[in-house]
Structures are given as C-alpha cells and as structure tokens.
Amino acid sequence: MQADTNRSAPNEPNLELWDIHTLTHLEANIDDATPELLAHAIDLLLKNGAIDAWVYPIVMKKGRPAHSLNCICRADASMDRGCSPATSDREQSAEISAESKLLGVLFRHTTTLGMRIHRNILRAALKRRFMEVQLPFRDDIREGKVDVKISSFKNGEVVSVKAEFDQCKIISEECGIPLKKVSSLAERLAWDEIDYMY
C-alpha cells in the first residue's frame with residue numbers, strides 16, 4: 001500500500017492558513033518601579049514601534065516582589081519567511097532600528113539596568129482587516145459607526161470578529177447604552193454581513 005506523501009505530520013503546522021512572522025522579544029525584570037511608571041513605559045513602547053507590550057508580576061531573589069516588562073517588535077525583514085532576500089539596506093536598517101529604538105525607550109524611561117533580547121521568535125498570525133458597521137444609535141462623535149476587526153485564515157474563513165473598544169465606549173457613554181450591548185450588536189452586524197458575503 002502506497003503511503004500518502006501529501007499528508008502533514010501530526011505536529012507539523014499548516015503554513016497555508018496563516019502567516020509566520022519573525023519577531024524580537026525584549027524583556028526586563030524591574031523591582032523598583034511604580035505602577036504609573038510601568039503603565040507609561042508600555043504606552044511609550046507601543047507608540048515607538050512595539051507590536052505588543054505587557055507586564056506581569058514576578059518574585060525575584062530574596063523574595064522581592066517585582067514586575068517583568070516585555071515587548072515584541074518585528075525583526076530583520078530578510079529573516080521573515082516568505083519575504084524577498086533582495087531587501088534593501090535602507091529597509092533592513094529601518095527594521096533593525098526598531099529594536100534599538102525600543103531599547104532606548106526602556107533604558108531612558110524605566111529603572112532597568114539590562115535587557116534580555118530574544119531574537120528569531122516565530123509568531124503565527126491571522127489575516128486581519130476592518131469592517132465598518134452602522135448601529136441604530138446616534139452619538140455626536142461616531143454617529144453610530146463602529147469598526148470591527150475581522151480575523152481570518154488565508155483561505156478566507158473568518159475565525160473571529162471584535163468591535164473596537166474605544167469606539168463602542170464613546171457610543172455607550174454618549175447614548176447611555178451598556179457597553180456590552182453596543183459591542184455585541186456591532187459584532188453581530190459584522191457576522192451578518194460576513195454570512196451575506198459568503
């Protein structure tokens with residue numbers, strides 16, 4: 001009996017359905033920063049090119065409570081799967097400088113004396129796009145319009161929808177409608193539109 005050579009191994013990822021990005025992860029343990037300083041640092045990291053930034057509590061030596069401050073950014077584009085090897089020097093410099101820029105933010109705006117740098121971190125990512133939906137509520141700022149993030153596989157299958165929180169919050173506050181009702185309706189309208197399209 002001939003073996004099926006087209007079947008993937010049980011633990012082999014299906015690279016056809018999502019993108020693979022190569023990222024750099026920066027990490028520091030901080031035991032002498034206030035919550036306000038950490039929140040400010042996260043905000044600065046996101047404004048300076050970090051794809052994501054987060055903090056979580058840890059316990060350091062001698063039982064001292066502390067926090068681990070983390071962020072991720074895109075690595076050298078020439079190292080990403082599926083990208084052209086003919087990346088220009090200017091593009092490579094821009095990518096490399098993202099790491100340096102974030103390191104500068106961390107050293108200048110936190111109390112850390114050293115950062116751990118984890119390169120070549122792979123991330124599987126869905127395709128993302130936005131769809132605008134019209135809610136039956138009328139506020140002065142958004143006029144009832146909300147952007148909904150649509151996440152899908154490469155083959156077009158929609159995996160999830162998520163209404164933009166800040167926009168739903170504006171409508172909720174101006175119209176006196178519970179936030180959960182605004183976001184739920186926006187997402188339902190997005191699903192209805194998706195079902196109609198497909």
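The set of residues in segment 125-142 being of a type in the set (Asp, Glu), surrounded by 12 or more Cβ atoms within 10 Å (Cβ to Cβ) and out of contact with any Cys (no Cβ under 8 Å at 6 or more places or on another chain) consists of GLU132 alone. Remark: pairs (first residue in segment 33-61, without any contact (Cβ under 8 Å) to a residue 40 or more places away in the chain; second residue surrounded by 13 or more Cβ atoms within 10 Å (Cβ to Cβ) and part of a loop (DSSP other than H, G, I, E, B); Cβ separation under 9 Å; 6+ apart in sequence or on different chains) = ILE42/ALA50; ILE58/ASP31; MET60/ASP31.
Pick out the one residue from PHE130, PHE137 that is in a loop (DSSP other than H, G, I, E, B), farther than 19 Å from LEU44 by Cα and either out of contact with any Phe, Trp or Tyr (no Cβ under 7 Å at 6 or more places or on another chain) or small (Gly, Ala, Ser) (or both). Step through it out loud before you land on a result.
Values: PHE130 fails: in a loop (DSSP other than H, G, I, E, B).
Every option except PHE137 fails the conditions.
Do the conditions hold for VAL148, that is, is it surrounded by 12 or more Cβ atoms within 10 Å (Cβ to Cβ), touching a residue at least 12 places away in the same chain (Cβ under 8 Å) and touching a Leu at 6+ places or on another chain (Cβ under 6 Å)? Outline the logic, then answer.
Working: surrounded by 12 or more Cβ atoms within 10 Å (Cβ to Cβ): yes; touching a residue at least 12 places away in the same chain (Cβ under 8 Å): yes; touching a Leu at 6+ places or on another chain (Cβ under 6 Å): no.
For VAL148, the condition - surrounded by 12 or more Cβ atoms within 10 Å (Cβ to Cβ), touching a residue at least 12 places away in the same chain (Cβ under 8 Å) and touching a Leu at 6+ places or on another chain (Cβ under 6 Å) - is not met.
Within segment 180-193, the presence of a residue that is at pLDDT 95 or above, under 28 Å from LEU45 (Cα atoms) and among the aliphatic types (A, V, I, L, M) is excluded. Note on segment 63-103: among residues that are modelled with pLDDT of 90 or more and outside any strand (DSSP E or B), the one that is farthest from the chain's Cα centre (by Cα) is GLY63. Residues being part of a loop (DSSP other than H, G, I, E, B) and at positive phi are entirely absent from segment 162-173. Confirm whether GLU187 is under 20 Å from the mean Cα position of the chain (by Cα) and either closer than 30 Å to HIS21 by Cα or surrounded by 12 or more Cβ atoms within 10 Å (Cβ to Cβ) (or both). Here the answer is yes, as GLU187 does meet what is asked.
Condition check for LYS127 on (1) without any contact (Cβ under 8 Å) to a residue 12 or more places away in the chain; (2) under 27 Å from LEU23 (Cβ atoms): one failure, at (1).
The values are calculated or read from the model by the stated rules, or taken from the named source; none is laboratory data. Keep in mind the model is a prediction, meaning the values are calculated, not measured. Cβ sites come from the backbone with ideal geometry, for glycine too, and all protein chains shown count toward neighbours.
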